[in-house]
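**Student:** Handing you a structure now.
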Amino acid sequence: MKVAELREKNVSELNDELVELRRAQFNLRMQKGTGQLSKPDQVGKVRKDIARIKTVLNEKSRAGETA
């Protein structure tokens, strides 16, 4: 996921994406805990995507954009 793509989305779309990624992160944590995680690199990718979305949301809130 690229930051340029995220900046094109509005706040509600970003929030939906954030919820989806948090669910994916939870599922990956559960898989890791039970020893069923097949792609350990996915954990880091999801974390970074969440951070990117939060950064863009923060930028938009400082700029005064709303949903």
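The values are calculated or read from the model by the stated rules, or taken from the named source; none is laboratory data. Please read these numbers as outputs of a predicted model, since none were measured by experiment. Neighbour counts are summed over all protein chains in view; Cβ atoms, including those assigned to glycine, are modelled from backbone coordinates with ideal geometry.
**Student:** Taking K60 and the conditions (1) surrounded by 13 or more Cβ atoms within 10 Å (Cβ to Cβ); (2) modelled with pLDDT of 95 or more, which numbered condition does it fall short on, given that it satisfies the others?
**Tutor:** (2)
**Student:** Please determine whether any residue of segment 33-54 is in a loop (DSSP other than H, G, I, E, B) and surrounded by 13 or more Cβ atoms within 10 Å (Cβ to Cβ).
**Tutor:** Yes - at least one qualifying residue is present in segment 33-54.
**Student:** Search segment 6-31 for residues that are closer than 14 Å to S61 by Cα and pair each with any residue that is at pLDDT below 95 and hydrophobic (A, V, I, L, M, F, W, C) when their beta-carbon atoms are under 6 Å apart and the residues are at least 6 apart or on different chains.
**Tutor:** Every condition considered, the pairs that remain are V11/A67; S12/A67.
**Student:** In addition: Enumerate the pairs (first residue in segment 50-66 and within 16 Å of L18 (Cβ to Cβ); second residue anywhere and of a type in the set (A, V, I, L, M, F, W, C) and outside any helix (DSSP H, G or I)) with beta-carbon separation below 9 Å, excluding pairs fewer than 6 apart on the same chain, so at least 6 apart or on different chains.
**Tutor:** R52/M1; I53/M1
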